[in-house]
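The values are calculated or read from the model by the stated rules, or taken from the named source; none is laboratory data. Remember, predicted model here, so these are calculated numbers, not experimental data. All Cβ positions, glycine included, derive from the backbone under ideal geometry; neighbour counts span all protein chains shown.
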Amino acid sequence: MNNSNVAQKEFNHVDNDAKRLSRDTLTYGIAVIIPALIGIISISIYTRIFSVEAYGEYNQVFNTTLVITTLFSQWIQQSIQRYRPLYRDKSQLKQFDSNLMNLLVLMFLIIVGFGLVGGIFKELLGRYESYYWICILLVLTQFTFLVLGALLQSDFKGKMYKNYNLLTAILKFAFGLLLIFYVNRAPVSIVYGLVLGQLILLISMFRTTGLSIRLIKISSLGESLTFIKMFMTYGFPMVGWFIGTSILNLADRYMLESLGTIKDVGVYSANYSIVSASLGLLTTPLLTAAHPIIMNKVGKLPDIEIGKTITYFTRIYLTISLPLLAFIAVFHKEITQLFLGESFREGSIIIPILFLGLIFWNVGMYGHKGYEIREKTKVMLSFIVVSALVNIILNLFLIPSYGYIGAAIATLISMGIYPLLIKVFSYKYITWRINLLSILKVVLTTIITALVVGSLKNFLSNYIFFQLVFGGGIGLIIYISLLFVLKEIDYQAIKKKVTAKFAKR
């Protein structure tokens, strides 16, 4: 094969990835954008209804159920993404579904069993006791929803996944508000709303995925045990990984409560929620679309081609996320004035710090795909343990002196360690290459854009909303223009694609 054929094959490979990524990102984007907007609206409402202390209390409860749900569900989700394509290639999806149903029944029994045992000691929870039983239901509904969602993603049923995500987000928000205003004006009503919003759609989700009670087969218990062992071998190190992730993301809240006050937790959590919601608008659709694309290349393409795909997705992510960081850095005070209650706005300074930390973290989500493919989940676990330990140690030193600002700095540093470790050791598996020249161009463009918009923002408008809109619009024009000037965006390639599309019409 001559060089021109190799180049053409590589171009077609990347072009196909770009087309699928853009299509799937749009589909998943719709599934994420509206829930994220609802999340931002809910934060705006809840921080105006509840005190800082009450909101902090709710956040601790929600985060704890999130950790528990992670413990039970993520190893199954990751294993579904890893092995379902292999069963599909062998035309054995019926066996996969039957074994999965047996596994789900077992997990339901385990969760309920732990819940009943824990109920004996719930008085020890103090002010959190009233949340206990509804949180058990929340874990069950979240667990089921996440597993079924993984099936839809693995089968490329993006539109169905989008619809369920949208409906669930709307229902959770609506039920929460109704319960707050008409039943009990307390944060526990939010949790009841979360349960009802998910529960109402689960039967329909079961049908959509093709699962049913009839697939449960005690007679195939031996086969199911082999299936579960396969899932455990691959996924259980991921349990440790996700627990480490939870520690990395949530330890600061618990440490803020123990080393500071529940008020610190409320301020920190509200501002963190703004960060995760805004970056989630970008990160979740891209990563959700990229994951099955990468995993479905396993066994079909050589490692070097898979590595190029991972590198390509990383570049796309950074090109889009860094200008958003510039916007957040320039307008963090205005954002909190628009979306948070007055008592929570003092924490706006941590928004750009946390945003940069989450960018580092999400870059690592692309970089570690090579480890997932090679089933080196134990290596990933060791990296996350290092990052989590660094986070805890830094929090011990920084929180007593700097409060939630110290917690944000600890998060930034520890989240940067994980992708660094992934990059350094990736050569042993599927090499994760990063185009340094491309990143330098994007970083330089981002800094220039931030400086220009920052100097102009006080002249844009006297109204916060319009100031944000005009500032974002001007910044986007400057950023894209500079990328064209630096040739980070290929004008000729875009022109050819646009011309070709119009020619087809």
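Taking the criterion of being crowded, with 23+ Cβ neighbours inside 10 Å and part of a helix (DSSP H, G or I), the residues of the range 340-350 that qualify are 344, 347, 350.
Does residue 42 qualify as being over 24 Å from the mean Cα position of the chain (by Cα) and surrounded by 17 or more Cβ atoms within 10 Å (Cβ to Cβ)? The answer is no for residue 42.
Of the residues making up the range 121-164, just one is surrounded by fewer than 15 Cβ atoms within 10 Å (Cβ to Cβ) and at pLDDT 90 or above, namely 133.
When every residue of the range 422-434 is checked against the conditions, none turns out to be surrounded by 15 or more Cβ atoms within 10 Å (Cβ to Cβ), under 19 Å from residue 326 (Cα atoms) and of a type in the set (Val, Ile, Thr).
Filtering 79, 51, 73, 98 for residues that are modelled with pLDDT of 85 or more, assigned by TED's automatic domain parsing to the domain that holds residue 213 and touching a Lys or Arg at 6+ places or on another chain (Cβ under 9 Å) leaves a single hit, 51. Evaluate the following for residue 256: is it outside the structural domain of residue 453 (by TED's automatic domain parsing), part of a helix (DSSP H, G or I), within 30 Å of residue 58 (Cβ to Cβ) and modelled with pLDDT under 85? Criteria not met by residue 256.
Can you work out which of the residues in the range 178-187 that are touching a residue at least 60 places away in the same chain (Cβ under 8 Å) and crowded, with 18+ Cβ neighbours inside 10 Å is farthest from the chain's Cα centre (by Cα)? Residue satisfying both the conditions and the ranking: 180.
Would you point out the residue of the range 459-483, among those that are in contact with a Phe, Trp or Tyr (Cβ under 8 Å, 6 or more places away or on another chain) and modelled with pLDDT under 85, that is surrounded by the fewest Cβ atoms within 10 Å (Cβ to Cβ)? Top of the filtered list is 461. Regarding residue 196, is this residue in contact (Cβ under 8 Å) with a residue 12 or more places away in the chain and touching a Lys or Arg at 6+ places or on another chain (Cβ under 8 Å)? So residue 196 fits the description; yes.
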